[in-house]
Amino acid sequence: MRVLIVSSFVLPHAGGVERFVATLRDVLAGRGHAVRVLACRRPGDDDTADVALPSRFLGPGGWPLPVGGWTRLWREVGRADAVIANNATHVVSDAAVVAARRQGVPALLVVHGSGQPQPHRTGLVSAARTAFGRTLPRLALRRSLPVSVSVIGVAGLRTTHGIAGAHLPYPLPELPRAATPPPISGDLRIAWIGRLSSEKDPVLAVRVVEQLRASRGAVLDVYGTGPMAAELERLTHGRPWLCLHGSRPWNEVLDAQERAHVCLSTSTWDNVQVAVLEALSRGVPVVCTDVGDSRRHFRLPSVERFCVASREPRDLAAALASLAGGYDAHRRAFDDNAGRLRAVHGDPARRIEELIGIAARR
C-alpha cells in the first residue's frame with residue numbers, strides 16, 4: 001500500500017508530532033508499505049520530508065501557511081492508496097484531506113490536541129487560527145476518519161464537533177530499556193523535558209524543586225527551548241542546582257532520561273504527554289500532573305500516586321520526596337509498569353491498517 005503522510009512539521013524540527021510522523025513512517029515501512037511524507041518547507045532546514053511545500057510561518061508559535069505547491073499536493077494525494085494527515089488546525093493537512101475525498105482516497109485526519117481550549121493564546125495570529133478553525137478544519141473532519149492519539153482527544157471530538165472519532169494509542173518507537181542509575185547518595189537528579197511554553201509551565205518545575213530542596217538535596221536539568229527560554233535563563237541566577245541544556249538531539253534526551261533518577265512534568269494543558277509516556281515506557285520513574293491522558297500511563301496502582309493534580313507545587317514536591325524515600329522499590333514498580341505500557345503502545349501498524357480500512361468504507 002502507498003501511504004502519504006502529511007504534516008506541517010517533521011524532523012529535525014523538534015516536537016511530539018514530528019516524532020510521531022517519524023515513528024509512523026518507520027512502522028508502516030516495516031510492514032512493507034511504501035511511505036512518502038509531505039510537509040511545509042522551513043527556511044534553512046534540511047528536513048526529512050520527501051515533498052516540501054513553500055510556506056510562511058506566522059506569529060511567535062510559527063503557525064504554518066503554505067503559499068504554493070498545491071498542484072504537487074493534489075498529485076501526491078492522487079498517487080497514494082491512503083492519506084494520513086496530521087493536525088486539523090493546519091492548512092496543509094486539511095487541504096490534503098479535501099483533495100483525498102475528491103479523488104476517492106481514504107484519509108485519516110489525526111487530531112493531536114485534547115479538544116479543550118488552549119490557554120494563554122492571544123494576539124492577531126491566535127485570533128486568525130481560531131477563525132480558521134471554524135472553516136476548513138470542520139470540513140476536513142467530516143471528509144475523513146478523525147483519529148485521536150489520546151482518549152481525551154476522542155472525547156474532545158465528540159463534545160466540540162459532535163463527531164465520533166477513533167482512537168490510535170500513541171505509537172512508540174523501539175526504545176531501549178533504561179539502565180538503573182546509581183543509588184541516591186546525594187542529590188536527587190530530576191530531568192524536565194519539553195517545550196519551554198506556558199502550557200508546559202517549566203517555571204512551576206523550578207518552584208517544585210525549590211520546595212523539595214527545603215528537605216533534601218536535588219538538582220534540576222531542563223531540556224528544551226521555546227518562548228519562555230529567557231525567563232528560565234533569568235531563574236538560573238542564584239540557583240546553581242538549575243541547569244538549562246536547550247534543545248538536544250533525541251538520542252541525547254534519551255540519555256538524559258537514563259541519567260536522571262526521575263523525570264518531572266508540570267504541564268497545565270496537554271493531551272498525550274509524550275515525554276511522560278516515553279520515559280515511563282523505558283522504566284524511568286516519573287512525577288507528573290494529571291493532565292490529558294497522563295493518568296492512563298500509570299497503569300499499575302503501585303505508581304498511581306506519582307500522577308498528581310495540576311498547578312500544585314506542594315503535591316508535586318511531596319511526590320518527589322516520597323519517590324526518593326523508597327527509590328529502589330519504586331523503581332521496580334515503574335519497571336513493571338513499563339511492560340504494560342509497551343504492550344498498549346508498541347505495535348501500532350495493525351491498528352493503522354484497520355483504521356485505513358474503516359476510512360475506505362466510509
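The values are calculated or read from the model by the stated rules, or taken from the named source; none is laboratory data. Owing to the predicted nature of the structure, the values given are computational and were not obtained by experimental measurement. Note that each Cβ is placed from the backbone with ideal geometry, even for glycine, and that neighbours are counted across all protein chains shown. Side chains included, ligands, DNA and RNA excluded: accessible areas come from the protein's heavy atoms. Shrake-Rupley method; radii C 1.70, N 1.55, O 1.52, S 1.80 Å.
Of all the numbered requirements in (1) out of contact with any strand residue (DSSP E or B) (no Cβ under 8 Å at 6 or more places or on another chain); (2) free of Cβ contacts under 8 Å to residues at least 24 places away in the same chain, residue 15 misses one, and that requirement is (2).
I'd like to verify a number: residues in the range 43-56 that are part of a loop (DSSP other than H, G, I, E, B) and either of a type in the set (Ser, Thr, Tyr) or within 18 Å of residue 348 (Cβ to Cβ) (or both), how many? Total meeting the criteria: 1. Residues in the range 215-222: is at least one open to solvent by 20 Å² or more (accessible area, probe 1.4 Å), small (Gly, Ala, Ser), in contact with a helix residue (DSSP H, G or I) (Cβ under 8 Å, 6 or more places away or on another chain) and over 25 Å from residue 23 (Cβ atoms)? Yes, because at least one residue in the range 215-222 is open to solvent by 20 Å² or more (accessible area, probe 1.4 Å), small (Gly, Ala, Ser), in contact with a helix residue (DSSP H, G or I) (Cβ under 8 Å, 6 or more places away or on another chain) and over 25 Å from residue 23 (Cβ atoms).
Residues of the range 351-362 that are exposed (fewer than 14 other Cβ atoms within 10 Å of the Cβ) and either among the acidic types (Asp, Glu) or under 16 Å from residue 174 (Cα atoms) (or both): 354 alone. Taken over the range 319-343, the residue count meeting the criterion of being closer than 22 Å to residue 293 by Cα and either in contact with a helix residue (DSSP H, G or I) (Cβ under 9 Å, 6 or more places away or on another chain) or open to solvent by less than 60 Å² (accessible area, probe 1.4 Å) (or both) is 13.
Can you find, within the range 272-313, the residue that is surrounded by the most Cβ atoms within 10 Å (Cβ to Cβ) among those that are outside any loop (DSSP other than H, G, I, E, B) and of a type in the set (Asp, Glu)? Here the residue is 278. Can residue 316 be described as touching a strand residue (DSSP E or B) at 6+ places or on another chain (Cβ under 8 Å) and in a helix (DSSP H, G or I)? The answer is yes for residue 316.
Residues that are farther than 15 Å from residue 359 by Cβ and either open to solvent by 20 Å² or more (accessible area, probe 1.4 Å) or modelled with pLDDT of 95 or more (or both) within the range 103-116 comprise 112, 113, 115, 116, listed in sequence order. Any residue that is at pLDDT below 90 and open to solvent by 60 Å² or more (accessible area, probe 1.4 Å) - is there at least one of those in the range 47-70? Looking for residues that are at pLDDT below 90 and open to solvent by 60 Å² or more (accessible area, probe 1.4 Å), one finds at least one in the range 47-70, hence yes. Scanning the range 226-271 for residues that are open to solvent by 70 Å² or more (accessible area, probe 1.4 Å), without any contact (Cβ under 8 Å) to a residue 40 or more places away in the chain and either among the β-branched types (Val, Ile, Thr) or assigned to a loop (DSSP other than H, G, I, E, B) (or both) turns up 237, 238, 240, 248. Scanning the range 199-209 for residues that are touching a residue at least 40 places away in the same chain (Cβ under 8 Å), open to solvent by 10 Å² or more (accessible area, probe 1.4 Å) and outside any loop (DSSP other than H, G, I, E, B) yields a single hit, 207. Scanning the range 76-94 for residues that are farther than 12 Å from residue 6 by Cα, at pLDDT below 95 and open to solvent by 20 Å² or more (accessible area, probe 1.4 Å) turns up at least one hit. If you go through the range 24-42 and keep only what is assigned to a helix (DSSP H, G or I), crowded, with 16+ Cβ neighbours inside 10 Å and among the hydrophobic types (A, V, I, L, M, F, W, C), you end up with 24, 27, 28. Taken over the range 176-198, the criterion of being within 20 Å of residue 294 (Cβ to Cβ), part of a loop (DSSP other than H, G, I, E, B) and open to solvent by 30 Å² or more (accessible area, probe 1.4 Å) is satisfied by 195, 198. Scanning the range 324-351 for residues that are more than 24 Å from the chain's Cα centre (by Cα) and not in a helix (DSSP H, G or I) yields a total of 1.
Is it the case that the range 148-160 has a residue that's modelled with pLDDT under 90, in a loop (DSSP other than H, G, I, E, B) and either open to solvent by 30 Å² or more (accessible area, probe 1.4 Å) or more than 22 Å from residue 109 (Cβ to Cβ) (or both)? The answer is no; no qualifying residue exists.
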